[in-house]
Amino acid sequence: MNRITITIDGKAVETTEGSTILEAALAAGIYIPHLCHSPGLKPYGACRMCIVEIEGMRGMPSSCTTAATDGMVIRNDVEQVNKVRKMTCEMLIADHPLTCLTCQANQDCELQTLSSYLGIQESRLRRMTRDPKPEKDESNPFYTRDLDKCILCGNCTRACHELRGVGAIEISGRGYRSRVAAFGDAPVLESNCVSCGECVDRCPVAALTAKKETVPPSAFTITTCIYCGVGCGLSLGTRSNKIVQVLGDKESIVNRGSLCVKGRFGLDFVSSEDRLTTPLIRRNGQLEEADWDEALGFVAEKLKAIKEEHGSDALAGLSSAKCTNEENYLFQKFFRAGLGTNNVDHCARLCHASTVAGLARAFGSGAMTNSIDELEYADCILIIGSNTTEAHPVLALKIKAAVRSHGATLVVADPRRIEMTQFASLHIRQRSGSDVALINAMLNVIIEEKLLNEEFINSRTEDFDKVRECVADNTPEWAEPITGVAAEDIRTAARAYATAQRSSIVYSMGITQHTTGTDNVLALANLAMLTGNVGKESTGVNPLRGQNNVQGACDLGALPNVYPGYQKVDDAEIHDKFEAAWEATLSDQPGLTVTEIINAAAEGDVKGLYVMGENPMLSDPNLNHVKEALESIDFLCVQDIFLTETARLADVVLPAVSFAEKDGTYTNTERRVQRVRKAIDPPGQARADWKILCALAGRMEYPMAYEHPSEIMDEIADVTPIYGGISYPRIGKVGLQWPCPDKDHPGTVFLHEGEFKRGKGKFHPTPFRAADEEPDSDFPLLLTTGRYLYHWHTRTMTSRTEGLEQICPPVPVEIHPEDAAREGITEGATVEVSSRRGTIHANAVVTERSPLGTVFMAFHFHEGAANTLTNDAIDPIAKIPEYKVCAVKIKAAADRPAEIGAI
Amino acid sequence: MNFEDIRKRALQEWQEFQDPGKARILIGTGTCGRAAGADQVLEVIQKTIVEQDIEATVSETGCIGLCYAEPLVELQKPNGPRVLYGNLTEESIGPLLTDFFSGDDLNTSMALATTSAVSADDIPPLNELPMLKPQVRVVLKNCGVIDPENIDHYIASGGYAGLDKALQMEPEQIIAEVKASGLRGRGGAGFSTGTKWEFCRRAESDIKYMICNADEGDPGAFMDRSVIESDPHAVLEGLIIAAIAIGAEQGYIYVRAEYPLAIQRLETAMEQARQNDLLGDHILGSDLNFHLQIKKGAGAFVCGEETALLASIEGTRGMPRSRPPFPAQSGLYGKPTNINNVETLANVPVILREGSDQFSAQGTEKSRGTKTFALAGKVTRTGLVEVPLGISVRDIVFGIGGGIPGGKEFKAVQTGGPSGGCIPAELLDTPVDYEKLAEAGAIMGSGGLVVMDEDTCMVEIARYFVNFTQEESCGKCVPCRLGTHQMLQILQDITSGGGSLDDIALLEEIGHSVRLGSLCGLGQTAPNPVLTTIRYFRDEYEAHINDSTCPAGTCERLLSYSILPDNCVGCGACIRACPVEAITGEKKEPHLLGQALCIKCGACFDVCKFDAVLRE
């Protein structure tokens, strides 16, 4: 970019070619008044406050829409311009309710600032009033729309269209009756608004206000969101030890200020009355309050006893993808070095174990190959098995931008008509469980039509012939009856992916949660290698990780077979290294996985289970089985912030703290290590997980002592090569992406450039296998599970936010109209859904979002827990259960249990 | 297809049309004709010739511009004179046909003019009519003369020869020719057409667009509609030449949905042009392609503004955006785009065909060529006229238009519709060209000319136009959305007796800010009617404010009504008409109007048969 110089009011200002006059001025610290300029939105030029005079140009152009050119001479703060601005501002004032003193935006109102800058005391103009006065739209539970205060700057409508790709609101009407409206002037809750709050944050006045933000914050803390793996930067506004406002961190490279409804409005759980504030010990069948000394003593005693009596491997621990890197590191260190077992795993087993297994085999590293930002510049994006707008809403913005701003081709392969299909040029509705057949057929087309990248295959990969042979017969016509996708659509998808300059694959649990999960991932890796779409910018195979720190929990060794940094426990050299570093005797046998731990508990092999921040009583498949296992175990300790379904079964419950009450780091889905910062003090006696672990280890004769999590990170860097260069000072504001092997390494934006982690990329033949349990005459429908935008995981956090519950009440089951009609089920009717493993009640949502023959449920709701129905058959390599396919039957229920609510 | 072959076929067709070897009946069925009853007249014609066994061809044509005399019918017996009759009705047309064809009676008193070489006694030739004599018809040459749905008629009168010529030229040569002609945009702003094309030609891009702006929206303006309805191929030919010049292969005609006949005639014309290889791939066998589509606007005035028009074509809300970047750099879908108005494009074929010299022979130094105007309001002869630029306002209003009817005084003429300004009597000799009109505070605009007489209140006129722009403001920018509303509120106060003297200065100040501060042309010109009426008719504003009177006697809230006892016969009609029971009185006794109750609706004034209600 060329540097150019312009002159504003006689002062030389240097700027970059392509920036507007307003941007140049603001960057140089020169104030040009403005109302409708909002960073990240396209120039709009509506408020006319930023008008200037430019030599050689007629009239008074707006500086926000006019590009700066070299040598431009601009007059800004001069009488003739200010006179026009002042009159324009007077018009706004004459049209604006003068209720500043009681207004929520008082002191934080750009119109107020502007009036004061222009010196407007009173307006000589007629008061302008709307007749009838517009009523406040209070329909949305999170924000109020008060059109009487609207200055029509268009920030909200543009944010909704340009940034979010939602378009719930638009300017309607003409002249003085112009107004921001949802379709048909209906209340905004009836529109397709997703309550992201982007409009609220960008409103310069009080036309859009967050309902709960009635108290202005006295301090802000920059931290990282607790919900999904995207890892949005948050700015927590606090006052009197409470979170009073949540904004997106505008400097975050991940989200640049944008958030989704959960991050923006869903943090009420932090101050929930239900938070655990004291340790609990089960006495006479009841959980009773206890003090820390007693509780920790009890836990230590129990763990010691089991270890002594049954051996270390009778103990198991579930670490947490919601806890920090440091806490995960300590948890597995405590189990391995303190207790002597590798029986440590966490819920990544249930979401992306097949990713880790598959991508490590193919590429040598089990993480997202590329970065979130790169998605926007891909020429073709294949989304398969990811309901991106609901599960990773802010990341979905990049994909929408790729399509809308840069003309990328989007292919969505998903059985359900998810929102992302609205942006796609092709929607493929493959039958759940047929992904390998679909991908193999795409490989077949690309090979047959010679669209493959031979140079890449020859120089960078091995074993291609095995795949060529494997898919030789997997023609689109072969795949059509298996997948239910027209052969021609498979061809179109294959061509789109293979012929684009840069193609990127985005997937999530629709790929991984199958008994063929690892094969699914390997097949996608084959697709990328076949076309050379890996190891360069805006390409790659990109698994979207679910939990905020599932990447970090894996990275830091909360897995039974690896130490931090994916270093194998059964590799003698590595084993020795860790024994030395941790000054302990370590087991060299890989431990049990989550699913195996539950089975071992049921069979009596595991006697003691320590759960940190997980809720297997809702998140694991075949819940009745899980319940039996946890009830039969000798000792169950749960460390959490709420009394979860699992904690209710525990012998000891230890109160931990939320992300807002501690320091640490999370690693997001693009391998970016980011800071979590303490904003408020924890409630009652609750303690940070890392402090609890240290205290417990002390009592177990394996002292772990740290003053601050940064010291833990320093230790992590010492023993974990991929984190070798990471430290708190370096993480700074924008984080650091691993691999980052040393203190001078800048971090890695995308993986496998020039060479794969494992040397050559390895093709793996993946012959098609059917799902473990297919529908039959007894259970004729296929159940697939997933998530809703408005809830998180087992709803422990989101159910504490009233608005989320209001928009998405329990317990919907989505069913195709024809399937519903056959069973005599109408919209909103209570139904009974049964599988071979159990029965639940739910409310029918009759919709074509579900394909014919398939019903969909989210697993959030304990009131009608979908995982009561799901199959615990597992992938043979990754041991991930098949959440995405099981056979069910559905019928109208005789009565409606109160807890499932109503649609 | 070879153009020479096409032309030969066309000439033959035209010859047959001119001389069908039997009687010939031509009727104007443009929207103006239809509004005056042309459809019904045509129906009677069809019926009559069958009943009376008159052997005649009946053809429809467009608008000849004599709107005051619609419906117009032209009759001719084989080898006889062609006579034009106006103001026909369902009742009068039958006897006229009988007289003309069977009775050899020309009905001279009903005839307007002759249009043939063969003269007829006592009937003046068409071009000698006072309305037509001062006109120079270039754009309107074919209007009302040819059948607009017959491409051969257009070709026979020289049509598509300009395109044929352009195909032999380099794009730069075409642009040079148009630049040399001095043609300026007829949509109102008056930017050099050739220069505009040049910008677009020079913009580098794989795709470019050529757009015809037919979103004519000024109240009282109908030039573009008439041209499209009467001579659609002229617009198409201009569009195709422009597309070749700038290098566009895709084009749109943005036309308001309220012009159904224009749309239908454009569709017909486009289809005919395609069949004759004049539109589509390989135009006249060349390597050049141009594909054209009609896009219907939904009636938003602002969509005539070119950036709003682009937004509308793109399917978003029709709101303007700031320029630069200009459409020539970044227009439709971000690609270089050229947008010209209907009349501008209709001039282009003539320039190519007859050369820029011929074109620029008309007009003044900076304003070359002719301009069409829709003459309306308080003027004797309303209609569509075309005059050489530089002609005086007086010549148009009094020469062509025949002055003010009913012996009333001329007060002002509004040019350029709601974006324009009014020109008072003392400036009647102002030459009609872009610069001179701007000096007078008005604008050339697209061509609406609304004449006002002594009964027109200028404050009310300002209020009327500001109300229009306020209603049509897209709402995007503050000065236009709120500034016009503010001016409207003040003007409403003044016209209803609630203004103060400070308001005049305030109106000027707001007007100044709206003009400088607004985003697009709509807002920038919206204050013109207010500022020019204050400039030339300040006394009327002052009379409203100081004396609570409306000099023109039209501002109802400023009028007072009273009953003249000498004239009142006590019939009770006013008592019954009064909606608020303000009038009392016994039968056959003079009635009394209670001022406190009167709402000044004028109902009593309207019903009184004895001039007993005084309005002042």
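The values are calculated or read from the model by the stated rules, or taken from the named source; none is laboratory data. Everything numeric in this text was worked out from a predicted model, so none of it was measured. Glycine gets a Cβ as well: all are built from the backbone with ideal geometry, and neighbour counts include every protein chain shown. Just the protein is used for accessible areas: all its heavy atoms, side chains included, with ligands, DNA and RNA removed. Shrake-Rupley method; radii C 1.70, N 1.55, O 1.52, S 1.80 Å.
Hey, can you rank A:526-532, A:774-780 by average C-beta count inside 10 Å, highest first?
Packing order, densest peptide first, comes out as A:526-532, A:774-780.
Given a Förster radius of 56 Å and the C-beta distance between B:D53 and B:R202 as r, what FRET efficiency does 1/(1 + (r/R0)^6) yield to the nearest 0.05?
About 0.30, to the nearest 0.05.
Of B:L75, B:L593, B:T108, which is farthest on the positive side of the dipole of chain B, counting Cα position, with +1 on Lys and Arg Cβ, -1 on Asp and Glu Cβ, and the Cα centre as origin?
Of the options given, the answer is B:L593.
Run the dipole for the protein assembly as shown about the Cα centre, Lys and Arg Cβ at +1, Asp and Glu Cβ at -1, nothing else charged, and hand back the magnitude in debye, nearest 20.
The dipole magnitude comes to about 2040 debye.
With +1 on the Cβ of every Lys and Arg and -1 on the Cβ of every Asp and Glu, and nothing else charged, how large is the dipole of chain B about its Cα centre, in debye rounded to the nearest 20?
1240
Per residue of A:738-746, count partner chain C-beta atoms within 10 Å of its C-beta, then hand back the mean as an integer.
0
Count charges around B:R557 for me, please; just the other residues with Cβ under 11 Å from its Cβ, Lys/Arg as +1, Asp/Glu as -1.
-2
Between B:K587 and B:E409, take the C-beta separation as r, use R0 = 45 Å, and let me know the FRET efficiency to the nearest 0.05.
0.60
Relative contact order (percent) for segment A:3-117, with alpha-carbon contacts under 8 angstrom and 6 or more residues of separation?
Value for segment A:3-117: 27 percent.
Taking +1 at the Cβ of each Lys and Arg and -1 at the Cβ of each Asp and Glu, which of A:I222, A:L318, A:L544 sits farthest along the dipole of chain A towards its positive end, judged by Cα position relative to the Cα centre?
Of A:I222, A:L318, A:L544, it is A:I222.
By how many nm would the segment from A:A898 to A:R124 grow when fully extended, if each residue of separation counts as 0.36 nm and the alpha-carbon distance is taken off?
Full extension of this stretch gives 272.6 nm more.
Please name which of A:L869, A:N255, A:V485 has its Cα lying farthest along the dipole of chain A towards the positive end, using unit charges on Cβ (Lys, Arg +1; Asp, Glu -1) and the Cα centre as origin.
Checked the options; the winner is A:N255.
For B:D105, B:D357, what's the largest-to-smallest order of accessible area, 1.4 Å probe?
Per-residue accessible area, sorted high to low, gives B:D357, B:D105.
Once whole DSSP H runs in chain B are found, which of them have Cα atoms spread over 15 Å or more along the helix axis and a mean Kyte-Doolittle score of at least 1.6?
Those that pass (Cα extent of 15 Å or more, hydropathy at least 1.6) are B:232-246.
Relative contact order for segment B:151-360: what is it in percent, counting Cα pairs under 8 Å that are at least 6 residues apart?
It rounds to 32 percent for segment B:151-360.
With the contact rule set at Cα under 8 Å and sequence spacing of 6 or more, what percent relative contact order holds for segment A:520-655?
The normalised contact order for segment A:520-655 reaches 13 percent.
Taking the Cβ of A:A290 as the center, what net charge do the other residues with Cβ under 11 Å away carry, scoring Lys and Arg +1 and Asp and Glu -1?
Surrounding charge for A:A290 is -3.
In peptide B:506-514, how many Cβ atoms from other protein chains are near each Cβ within 10 Å, on average?
4
So for chain A, what percent of the C-alpha to C-alpha distances run longer than 45 Å?
Pairs farther apart than 45 Å: 31 percent.
Considering the alpha-carbon set of segment B:458-546 alone, what are its Rg and its Dmax in angstrom?
11.8, 36
In whole angstrom, how far apart do the alpha carbon centroids of segment A:406-471 and segment B:370-438 sit?
70
Which whole-number value in Å² is the accessible area per residue of chain B, probe 1.4 Å?
Result: 38 Å² per residue.
Excluding B:F398 itself, what net charge comes from residues whose Cβ is under 14 Å from its Cβ, given Lys and Arg +1 and Asp and Glu -1?
Net of charged neighbours comes to +2.
Evaluate segment A:1-113: find the radius of gyration of its Cα atoms, find its Kirkwood radius, and give the ratio Rg to Rh.
My calculation of the ratio gives 1.01.
Let me know the mean shielding of B:483-496 by other chains, meaning the per-residue number of their Cβ atoms within 10 Å of its Cβ.
Taking all residues of B:483-496 together, the mean is 3.
Expressed as cubic angstrom per residue, what is the convex hull volume of the alpha carbon set of segment B:16-126?
90
Just the number, please: buried accessible area between A and B, total of both chains, 1.4 angstrom probe, nearest 100 square angstrom.
Chains A and B together bury roughly 3000 Å² of accessible area.
Name the GluC sites (Glu not before Pro) in segment A:49-107 that are in a loop by DSSP and that have at most 15 other C-beta atoms within 10 Å, would you?
Listed in order of number, the matching sites are A:E55.
Take the alpha-carbon centre of segment B:534-562, take the same for segment B:1-40, and report the distance between them in whole Å.
First find each Cα centre; the distance between them is then 52 Å.
For a quick check of your reading of the filter: which GluC sites (Glu not before Pro) in segment A:577-622 sit in a DSSP loop and have no more than 15 other Cβ atoms within 10 Å?
Passing sites in segment A:577-622 are A:E583.
Return, ordered by residue number, the residues of segment A:797-823 whose backbone nitrogen is under 18 Å from a label point located 7 Å along Cα→Cβ of A:R417.
A:813-822
Tell me, how many Å apart are the Cα centres for segment A:286-327 and for segment A:663-737?
Each part's Cα centre sits 20 Å from the other's.
Quickly estimate the mean residue ellipticity at 222 nm for the protein assembly as shown, helices only: each DSSP H run with n ≥ 4 gives -39500 (n - 2.57), and the total goes over all residues, rounded to 500.
Calculated mean residue ellipticity at 222 nm is -9000 deg cm²/dmol.
Is the shape of segment A:187-258 best called rounded, prolate or oblate, per the rule: a/c under 1.5 gives rounded, else a/b larger than b/c gives prolate, else oblate, with a ≥ b ≥ c the square roots of the Cα gyration tensor eigenvalues?
Taking the square roots of the gyration eigenvalues as a ≥ b ≥ c, segment A:187-258 is oblate.
Under a point-charge model restricted to the Cβ atoms of Lys and Arg (+1) and Asp and Glu (-1), what is the dipole moment magnitude of segment A:353-543 relative to its Cα centre, in debye to the nearest 20?
I would put it at about 440 debye.
Can you work out the accessible area per residue across chain A, with the rest of the protein chains kept in place, probe 1.4 Å, in square angstrom?
35
So what's the protein assembly as shown giving for Rg/Rh, alpha carbon basis, Kirkwood Rh from the mean inverse pair distance?
Rounded to two decimals, Rg over Rh is 1.07.
How large is the Kirkwood hydrodynamic radius of segment A:824-875, counting all unique pairs of alpha carbons, in Å?
After inverting the mean inverse Cα-Cα distance, the result is 12.1 Å.
From largest accessible area down, sort A:K250, A:K466, A:K762; use a 1.4 Å probe on the protein chains.
A:K250, A:K466, A:K762
Would you rank B:D277, B:D215 by solvent-accessible area, highest first, keeping every protein chain in place and using a 1.4 Å probe?
B:D277, B:D215
Determine which residues of segment B:3-27 fall in the zone a paramagnetic label at B:A117 would reach in this model, i.e. backbone nitrogen under 20 Å from the point 7 Å along Cα→Cβ.
Counting backbone N atoms under 20 Å from the label point, the list is B:11-25.
Of all GluC sites (Glu not before Pro) in segment B:292-367, which ones are in loop regions per DSSP and have a Cβ with at most 16 other Cβ atoms within 10 Å?
Passing both the DSSP loop test and the Cβ count: B:E314, B:E365.
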